[in-house]
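The values are calculated or read from the model by the stated rules, or taken from the named source; none is laboratory data. Because the structure is predicted, anything quoted here is derived from the model rather than measured. Cβ sites come from the backbone with ideal geometry, for glycine too, and all protein chains shown count toward neighbours.
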Amino acid sequence: MNNNTTHPSTNPTSCDVLVIGGGPAGATVATLLAERGYQVTLLEKAHHPRFHIGESLLPANLPLLEKLGVAKAVKAIGMEKWGAEFVSPWHDHQQTFEFADAWDKSMPMAYQVRRSEFDEILIRNAAAKNATVIEGCQVQDVSFLPDAAGAVIQARYDDGRVASWHARFVLDASGRDTFLGNRLKAKHRNKEHNSTAIYAHFSGAQRHSGKNEGHITVFWFEHGWFWFIPLADGTTSVGAVTWPYYLKTRGKKPLEAFFHETIAMCPQLVQRLESAKLTSVVEATGNFSYVCDRTYGDNYLLLGDAYAFIDPVFSSGVMLAMQSAFVGADTVDTCLRCPEQAAAALKKFDRSMRVGPKAFSWFIYRMTNPTMRDMFMGPRNILRAKEAVLSVLAGDIFGKTPIWRSIAVFKSLYYLGSLVKLKRTVKAWRMRKHNIRTLDDAGAEVR
């Protein structure tokens, strides 16, 4: 355990910023603010290393890793990822995209990482930069004080001890726990999307050779899509993202057996796993898609998944979490150092937080639509539309890369293609509306 990981007494402790959660968003923002001289306390309920899903990074992650000073450490544990492959049972070929073909050619690759290793690198870096990192300590309550006087945070250690802090600012980086979103009743189901996931790790999966070995592969199938993510140690992460009704069909069947039955529905994936062995427990997650009705309030910000999550299909989660941390650090710095500029800084933060979900959601909502599948399986670079879409897939949506007119071209082609095959489009729209109904509407719960 890092020397900067401490265990305070039950007496209230003061700090400038308290961060809830030690994942990519929390560790990143703690590092950045500690580097600026703020007293930062980070509370993480688990102990690193700990398992987490979401192993695929985007090229836009790499500049952020450089700024944090962890690029070499991540490279040492990462599988180079130069592109993505899409496999469709409705098409007679496989389609590969390379990030080098995006609009900005300076970000041609990313990494696939085992999240237990990646997240530990980030949180140890925060401790090394003088953030107070406390693991095995779960936040129980946050009470915001009147007149913008900060907040009192109470947390409980694994051994039952209770401690409290007074912080000038609170950053919720609790991920899918959505700590503040739940307590403020700000979290809502995303009515435009709904999905569940079943996943596990395998050894001995069949990979591509050479530079393509680290490609992430997306396999469409009848009930959703699969991910296939090669990791550097020979492990491959495999998961099925499905409509909620499908997970309902499991009944009382063991999850592992149900997962294997699901894989059997995708012959191309079965071939890649022909000699593979399951090396982890099969897990499932329900109700993937949600959004909070705010990104900030008096003396707090919501970062990364604590604000919103849609779907893992484009591997945007870690990048959006870390990007929110960079913007969040600037916002907190302004609020604490120049209070008269706080209102403008918070509005700027809010606009930034909504960019990612908006950019990715348009594609995510249509990813299983036959018109979108056709366009991905037969890409055309009309007015640089392909380059622009690849830039979105690379996470290049926050800078000055002029992709948006070409994205509008791509969307126009999508709508035109949908009109050309209107009967198919209407059928697909009705099916999707049926598929995204809530589990309660479907009459079942995920267990």
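Things worth noting here:
- Taken residue by residue, region 110-117 has at least one member that is among the polar types (S, T, N, Q) and within 30 Å of GLY378 (Cα to Cα).
- Residue match in region 61-80 (condition: in contact (Cβ under 8 Å) with a residue 24 or more places away in the chain and over 23 Å from GLN323 (Cα atoms)): no
- The residues listed here are SER164, SER106, SER116; of these, the one that is of a type in the set (Gly, Ala, Ser), closer than 24 Å to TYR199 by Cβ and surrounded by fewer than 18 Cβ atoms within 10 Å (Cβ to Cβ) is SER116.
- Listed by position, the helices (runs of 4 or more DSSP H) inside region 311-381 whose residues that are under 14 Å from the mean Cα position of the chain (by Cα) number at least 3 are 317-337, 342-365.
- Of the residues making up region 369-376, none is assigned by TED's automatic domain parsing to the domain that holds MET431, out of contact with any Ser or Thr (no Cβ under 7 Å at 6 or more places or on another chain) and either at pLDDT below 95 or of a type in the set (Gly, Ala, Ser) (or both).
- Qualifying residue in region 82-105 (condition: over 26 Å from ILE397 (Cβ atoms), modelled with pLDDT of 95 or more and of a type in the set (S, T, N, Q)): yes
- SER14 closer than 23 Å to CYS137 by Cβ and surrounded by fewer than 16 Cβ atoms within 10 Å (Cβ to Cβ): yes
- The single condition among (1) touching a residue at least 12 places away in the same chain (Cβ under 8 Å); (2) surrounded by 16 or more Cβ atoms within 10 Å (Cβ to Cβ); (3) assigned by TED's automatic domain parsing to the domain that holds SER174 that ARG354 does not meet is (2).
- Filtered residues of region 57-82 (kept if buried (at least 23 other Cβ atoms within 10 Å of the Cβ) and under 23 Å from PRO379 (Cβ atoms)): LEU57, LEU58, PRO59, ALA60, LYS81
- Flag for THR235 being assigned by TED's automatic domain parsing to the domain that holds PHE99, at pLDDT below 95 and out of contact with any helix residue (DSSP H, G or I) (no Cβ under 8 Å at 6 or more places or on another chain): no
- Going through (1) crowded, with 24+ Cβ neighbours inside 10 Å; (2) over 21 Å from LEU58 (Cα atoms) one by one, ARG337 falls short only on (1).
- One residue stands out in region 382-408 among those that are of a type in the set (A, V, I, L, M) and surrounded by fewer than 17 Cβ atoms within 10 Å (Cβ to Cβ): the one that is nearest to the chain's Cα centre (by Cα), namely ALA408.
- Complete set of residues in region 288-309 that are part of a loop (DSSP other than H, G, I, E, B), buried (at least 24 other Cβ atoms within 10 Å of the Cβ) and hydrophobic (A, V, I, L, M, F, W, C): LEU303
- Any hit, region 191-203, residues being surrounded by fewer than 16 Cβ atoms within 10 Å (Cβ to Cβ) and either in contact with a Leu (Cβ under 7 Å, 6 or more places away or on another chain) or not in a strand (DSSP E or B) (or both): yes
- Members of region 7-23 found to be closer than 26 Å to PHE118 by Cα and either of a type in the set (D, E, K, R) or modelled with pLDDT under 70 (or both), listed by number: HIS7
- Of residues in region 217-255 being without any contact (Cβ under 8 Å) to a residue 40 or more places away in the chain and either on the phi < 0 side of the Ramachandran plot or of a type in the set (D, E, K, R) (or both), the one surrounded by the most Cβ atoms within 10 Å (Cβ to Cβ): VAL238
- For beta carbons closer than 6 Å, sequence separation of 6+ or different chains, a first residue in region 100-113 that is closer than 10 Å to SER391 by Cα and a second that is among the small types (Gly, Ala, Ser) and part of a loop (DSSP other than H, G, I, E, B), the qualifying pairs are ALA102/ALA394; MET107/ALA394.
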